[in-house]
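Everything below concerns the one structure shown next.
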Amino acid sequence: MDNLFIYLIILVILAIVVVLIYLVDRVNAIEGRGTVGGLVSQAAAILTSGPSLDNGFNGLSGKNLWDTACGKAEPPLGTPELESFRKRYEPILNKHILGLIEDGGLDAAGGTSRSPQATRSISTLRANVESWLPPQHVKALYKAGYEAASNPADLTRIAQGLDETCTTLYARCDIDIGQPYSQRVFNDASSNNGGDKGDSAATLLEGPRADPAQKGVDDPGAESGDFEVDPGNR
């Protein structure tokens, strides 16, 4: 009887040992897969991330780009750095404004309308820069182009509103606006009592004109070799 009891104890002990060995092996297998999976994930992240393309503004885009141009960077930029930043940012702001005005004119000519977006991709020689402008000003710029093409008889009022919007945007960034935008985008019809009712969108909205004060300089920042705007895209 005693021998049988001893045999049972031995069998129980062996069973416990077998179970423990199995559990340890399973734990090691799970940890091994986790380690391999982690290494694979890290390697994939490194390969897919790669070096970020410098857009000329330290990677800033969208509202962060706008806020920095307005002097709201965190941490704040020093005066020389901020002046250089604004000099490089002005061509982006200019192309964004002109693009919205042109969109409005083209939509009016095509008999359609839309709600313009606050963000816009601006093509440059270095990279595509995502620009952002306050939504209320975006709508005003688009509306100016749309109304100039669809209601040329009211061009004087439209030009005044356009200049007020653009002046506000440039003032927010503390950048000299130079030539008024109404003179850059509207042709001589703007000085002819708002244009004739029969004028078409094509005659009132020409291709955007460059500011004569910046003749020969598509991008002020290009002088230092920091940043260049592609004059072929808008």
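The values are calculated or read from the model by the stated rules, or taken from the named source; none is laboratory data. Please read these numbers as outputs of a predicted model, since none were measured by experiment. Every residue, glycine as well, gets a Cβ built from its backbone with ideal geometry; the counts of neighbours run over all protein chains shown.
Here are the numbers:
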read-out	value
Tally of residues being surrounded by fewer than 15 Cβ atoms within 10 Å (Cβ to Cβ) and in contact with a helix residue (DSSP H, G or I) (Cβ under 8 Å, 6 or more places away or on another chain) across the range 97-114	2
Filtered residue count, the range 58-87, keeping only those that are crowded, with 21+ Cβ neighbours inside 10 Å and touching a residue at least 40 places away in the same chain (Cβ under 8 Å)	4
Enumeration of residues in the range 120-158 that are in a strand (DSSP E or B) and not charged (D, E, K, R)	121, 122, 123, 128, 129, 131, 132
Matching residues in the range 168-179 - criterion: being surrounded by fewer than 17 Cβ atoms within 10 Å (Cβ to Cβ) and without any contact (Cβ under 8 Å) to a residue 60 or more places away in the chain	168, 171, 176, 178, 179
Every residue from the range 53-68 that is closer than 21 Å to residue 79 by Cα and part of a loop (DSSP other than H, G, I, E, B)	56, 57, 58, 59, 60, 61
Condition check for residue 97: outside any helix (DSSP H, G or I), among the aliphatic types (A, V, I, L, M) and within 25 Å of residue 59 (Cβ to Cβ)	no
Top-ranked residue in the range 124-138 [being farther than 19 Å from residue 168 by Cα and either of a type in the set (Lys, Arg) or in contact with a helix residue (DSSP H, G or I) (Cβ under 8 Å, 6 or more places away or on another chain) (or both); ranked as surrounded by the most Cβ atoms within 10 Å (Cβ to Cβ)]	129
Filter result for residue 179 (more than 25 Å from the chain's Cα centre (by Cα), at pLDDT 85 or above and closer than 15 Å to residue 94 by Cα)	yes
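Rundown of residues vs (1) touching a Phe, Trp or Tyr at 6+ places or on another chain (Cβ under 7 Å); (2) at pLDDT 55 or above, yes/no style:
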{"site": "4", "(1), (2)": "no, yes"}
{"site": "17", "(1), (2)": "no, yes"}
{"site": "22", "(1), (2)": "no, yes"}
{"site": "26", "(1), (2)": "no, yes"}
{"site": "49", "(1), (2)": "no, no"}
{"site": "56", "(1), (2)": "yes, yes"}
{"site": "61", "(1), (2)": "no, yes"}
{"site": "64", "(1), (2)": "no, yes"}
{"site": "67", "(1), (2)": "no, yes"}
